[in-house]
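Have a look at the structure below, then the notes.
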Amino acid sequence: MNYNRGILMKIHLVCALLGASLLQTKAEVFGQNLNIHAKDITFKELIQKIEGQSAYKFVYEDQVIRSARAKEINFRDQPIDEVLQVAIGDLPIQYEIIDHTVILKRGNSQQKLKYYSGQIFDSKGNPLPQVTVKVKGTFRVTATDQQGKFSIGLLPQENMIEISSIGYHGKELNVNSNLSHIVLTELEYDIEELQVTVQTGYRALTDAELTGAVATINQKDFDQRVAVSGNFLENLEGKLAGLVYNSQSGDLSIRGVSTFDAVRKPLIVLDGFPTEIDIQNINPNDIVSVNVLKDAAAASIYGSRASNGVIVIETKRGKSGGTKFNLRATTAVQAKPDFDYMDYASSANLALINRDYLLNSTFKRADFNGRLMASTPIHDAVFDFKEGKINQAELDHRVMEIGQYDNLNEYKDLFYRQAITSQLDFDLSGGSDKHTYLLGGNYLSERGSYIETSSKRILLNFASTHQLNRIMNLDFKGMYSNGQQKAPFKQVGIDDFYAFERLVDDQGNALPVLMGPNRSRFNSIMASNNDLNMENGLYDQLYYPYADVSRANTKINMSSVRFQARLNSKLNNWLSLDLGGAYEDERGLDANLMQENYFTLRRLLNYKASKDPSSGRAMFATLPQGDMLSRNNQSLKSYTVRGQFNVNYKDAQDMHQVSGVIGSEIRRIEMSSNLNTIFGYDGQSLIQTPLDYVLLNRALQPAFKETLPATDLPLVHYPYYFNEQYDDRRFASFYADGTYLFKKKYALTGSMRIDQSNLFGTDPAYRYKPFYSIGANWSIQNEAFMQAYDWVNILKLRTAYGVNGNTPTSANGKYLILSSEVNYTYFPFEKYYDVMSPENSSMRWERTNIYNLGLDFALWNYRFSGSLDYYLKNATDVIGLLSSDPTSGFNAYNANTASIQNNGFELQLNSINIQRSNFAWKTQLTGSFNFNKVKEVLMAQPSGTAALLPLVSQIEYVADRPIGPIYAYNYAGLNEKGQPEIFDKNGNRRMVSANAEGSNAEISIDDMLYMGTTVPKYVLGFNNQFSYGQFDLSFLFMYYGGHVMRSMAPSPYETTRYFQEEALNYWKEAGDEQHTDIPGYQIVGKSNYFNDYARSGYQQASKFVKNADFIRLRDIILTYRLKDEVSNKLKLNNTQIRLQVQNPWKYTFSDNSIDPDAINKTNGQRFLPRPAMYSLSLYTNF
């Protein structure tokens, strides 16, 4: 509880600091308006006052203002234009303002301003303060006082004023009309737009009909950010309470996680029908609204797929009128990754720790030479020392020389580059009252930051509506996408070689390194033996990282089509029929090409080569020479067919309103894949060479075993190269959803859905259990007693309860019993079936019970609005592995074994802080607070050593703990032998596991400390939008809190780049435990030996668990809108230029050197963070 209170205090502090900075920004912006009160001053004194209050500078000749005086100046918060008009009066001075420069010159007397006064009221006769009154076509503007009165000056040729105020219809008036009693009417139509119509996919609901929790974003707010990567989810982060999407990690959830095995991400509904295609195929520039259905009342109509929430996307349709063309172009640049963040060890330190590691190991020169493996200069130096050929000083000198060269910069320059993204989007639309159309396209091209990586994507979409007759209309949409990706088959990592090795020579030619990929000595070969092999016709078996990165690649080609149609027939005034469906077909081809000279294939060819008995040279009959090409064809087909009746009834007095739908649908999803591999492939002639797969799979000694390293023999496992899979999921559903609205004050809702599927068992007790919801709301603002509080626009209380479901997708959840297999070791191949799971006829949907209580409000003419929600989600029948009777032939089987609880609250606050003719400031705050807990878990436990000595990294699900728990040992330090010890649950010092001299008692979870969860509990989005003249500025801060992460423990066994310098201070002899707690080396046979489990007591210690809370400035967006007169000259409309910066800054609450978005929170392994991205966009239409 204290921890949670501390987090909330941090949140309040952050918001307060941000608010203070915003107030300062406001003061600076409004400094451009002037406050001047003076009598009979010289014009030079006036200029000094103006320059002192603003950024304006004056240019003039002295004789122009030498004798000029301003008689009486009395302005408060007025633009410079009006101040100069009054000050100049009838003086022979003219002025011109260019940007922030005022040019004064001699001229004819200025025309005098004539002042007009008036008073503005609302429709009830109340004076309206702070109404903006502006002279049309000028910068002269004023505002009404508390009595609604105003006064404004016009030139003789001017006669029109513009009047505007938030929440009211604006007016244009001639100043010669009656200005003494101007009435502004409330925006009734616009207010209905603010009360957004929510699309659930099955029907549209008004705000008055909603009893569930729904978060909505419209097109204007959605388009505020440019989705540079083409992923529409980027535009939702921090904008919708309850939806948590981290654009860095890709994690997506709505109100927490409620499953172990089944789908964890929300259901995506596109234009009314669920979609199975890749979300990258949804064009973000085509989206007009996104509705997130969060609770049962909002989402239960989706039944077995609604447990994780539903994201409903509506895309553009054509509008009646002439053809309109929209264009958007974006270019983005991202710097190379920040390698400094990785805190890589230097070559010098790595040389030292590798020396120490070898000195304390049992390795001998024969371990390498005897197995024909390569050794490094450090190995050779240590072996010379062990053999007495050199002394300690000579060893240290050789090691120091080896560590003088560091290839980190060489690696960065060779393998990384700036990333560049380009995107072009267009659409044209138009139509008539009977027919509308829209045709759009999007092209996205990306050059990745890692060399040899790139992608391209084309999206095309079409939408049309047809009014067939008086009662029937047809809506049709189609989409096509095609994309290609290219990447190295395997990226060369920083630890594929030693830090002291050169990767290219002075001419840029690739050099070999000593070991194989991942610095594996088992993939290495002695250089002398490699030369002999090449003389005998074998391939060069040395590893060339810089050359090999381009010798094998993966190319992915994806294409998809989606068509949907809906026919609506109006049967009478309150009843209509919808018939429709959607069809999707997505196909992919993953092609992995290994060139003949790629390391893996070269090595495989050498080991599979035979020897010519006469010449002794290599022959390649078992595995033919040439390239290797693997093709994996993947296919996904799905269709939905739906028929439903729509009810929408109102009585004549508008007291009773009934709306709803009843219908049924069938869905089918088919997925298949076919993997096929070609050996001895020639890409020019398209020829492949047949081969004997039985011989290829046999573990035969290599023909050149005298010169090839003795290692695990590389095999061509048949299933890895040839495989076929097929998955068929079928669903049939019946559903109903309805709303009753009384006097527009009280609403009752209810829904029910029954889903049938081929995924589960046949027990009738579970087959027909419905998913359902009930809800109610009270629109308090419409009550008679609220009419006196006219500052309350919306005040609605709502509550709902219901049951949603979840569909498993992996083999652990499906009713899968048999798997077909082939024994590929012998010929002819033997087919057989593997019984994977015992029969379980009671397997059923996971069910989630959801309760929600919410409040919606809008105050002060919608200047302040928002919503608050509390929810409780209890997921039962969660699928997991359950231990079974061993005599059944199974240790465990899949069953509905667990329950998970999520509860929390959400808030969404919107405020219009300032709204003036030339300046506006709006703020949005979203908050998602989720507390997750596994209530019950009966998962099968690991057996053997892992059961006696559980590693904390293996702990996934624990009763009464959240999903993603972090456990750690209570580390006690080192004993006098240098052995790591922990405090057990009774406070006794002991090792996790030891030899006979230590304690072997069982270690349980009770001996560990619960440190927290890796999943954020608190997520805040703080968005500010400023408009000043032609400029818009916005920035979004994201806060993720309430979670922890593990950092890496310094260890002398870490001989890679991840070695930490402080590990050099490891325990070496008795007494060292007084100044270090880092265990030394485990030397078998010595009295202080301890095993790896004992070391885990140190590596998994609580001291290495950090607070993972952080704040990130997700984006800064500056937009310039061309003036209408400029756009019109170019025959364009609404032209904008936008500069966007993503992820330029972060702050963490533990150690700012660790980025919680760039670390594996479970094991502490860092990975390269995403650098800031800079993009420039152009928008226009005509």
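Since every read-out is calculated from the coordinates, none of them should be taken as a lab result. Since this is a predicted model, take the numbers as computed values, not measurements. Every residue, glycine among them, receives a Cβ derived from its backbone with ideal geometry; neighbour counts consider all protein chains shown.
For Lys136, the residues whose amide H sits under 5 Å from its own are Met160, Ile161, Glu162, ignoring neighbours fewer than 5 places away on the same chain, with H placed 1.01 Å from N. From most to least packed by mean Cβ count within 10 Å, the peptides 352-359, 240-247, 516-523 give 240-247, 352-359, 516-523. Counting other Cβ atoms within 10 Å as a rough exposure proxy, the listed residues Lys239, Lys933 run Lys933, Lys239 from fewest neighbours to most. Rounded to the nearest 0.05, the FRET efficiency derived from the C-beta distance between Lys124 and Lys149 at R0 = 22 Å is 0.80. Listed by number, the DSSP H helices of the chain that run 30 Å or longer by alpha-carbon position along their axis and have mean Kyte hydropathy of at least -1.0 are 2-30. For the chain, the relative contact order works out to 9 percent when only alpha carbon pairs closer than 8 Å and six or more residues apart are counted. The packing ranking, built from the mean of other Cβ atoms within 10 Å per residue, places the peptides 472-479, 797-804, 610-617 in the order 797-804, 472-479, 610-617, highest first.
The stretch between Lys1086 and Asn509, if pulled fully straight at 0.36 nm per residue, gains 202.9 nm over its current Cα-Cα span. Classification of the range 191-322 by its C-alpha gyration tensor yields an oblate form. The axis ratio a/c (a ≥ b ≥ c) is 1.5 or more, and b/c is at least a/b.
Across the cross-link table entries Lys105/Lys1123; Lys316/Lys1129; Lys44/Lys71; Lys933/Lys1017, which are compared at the Cα atoms, the separations over 19 Å belong to Lys105/Lys1123; Lys316/Lys1129.
The spacing between the range 202-228 and the range 246-306, judged by their C-alpha centroids, is 13 Å. Looking at the range 114-186, the DSSP beta bridges with both ends there are about 85 percent antiparallel. Here Leu1130, Leu233, Leu853 are placed in order of increasing Cβ neighbour count within 10 Å, fewest first, which gives Leu1130, Leu853, Leu233.
With the simple model of a label 7 Å out from the Cα in the direction of the Cβ, Ile166 to Asp612 spans 8.8 nm. How large is log10 I(q)/I(0) at q = 0.09 Å⁻¹ when the Debye formula is applied to the Cα atoms of the chain, each weighted equally and without solvent? At q = 0.09 Å⁻¹ the computed log10 ratios are -1.32. Taking amide H as placed 1.01 Å from N in the peptide plane, Ile390 has its amide H under 5 Å from the amide H of Phe385, each at least 5 places away in sequence or on another chain. Derived scalar couplings between HN and Hα for the range 562-573 equal 9, 10, 8, 9, 9, 10, 10, 10, 7, 7, 7, 5 Hz in order, rounded to whole Hz, by the Karplus curve 6.51 cos²θ - 1.76 cosθ + 1.60 (θ = phi - 60°), x for Gly and Pro. With R₀ fixed at 30 Å, the C-beta to C-beta distance from Ser177 to Asp81 puts the FRET efficiency at about 0.80. Partner aspartates and glutamates whose Cα lies under 14 Å from the Cα of Lys769, excluding those fewer than 8 positions away in the same chain, are identified as Asp755, Glu846, Asp877. To make sure I understand the rule: partners must be lysines, Cα under 24 Å from the Cα of Lys386, and not fewer than 8 residues away in the same chain. Which ones qualify? Once the sequence-local lysines are set aside, what remains near Lys386 is Lys364, Lys1068, Lys1086. Using 0.36 nm per residue and subtracting the Cα-Cα separation, the extra length available between Ser346 and Ile666 on full extension is 109.1 nm.
Using the Cβ-Cβ distance between Asn1160 and Ala959 with R0 = 25 Å, the FRET efficiency computed as 1/(1 + (r/R0)^6) comes to roughly 0.50. Taking amide H atoms as placed 1.01 Å from N in the peptide plane, the amide H of Lys316 lies under 5 Å from those of Val288, each 5 or more residues away in sequence or on another chain. Highest-first packing order for the peptide set 124-137, 1015-1028 is 1015-1028, 124-137, based on the mean count of other beta carbon atoms within 10 Å. Note on Ser685 and Arg730: their simple-model spin labels are 4.9 nm apart, each label 7 Å out from Cα toward Cβ.
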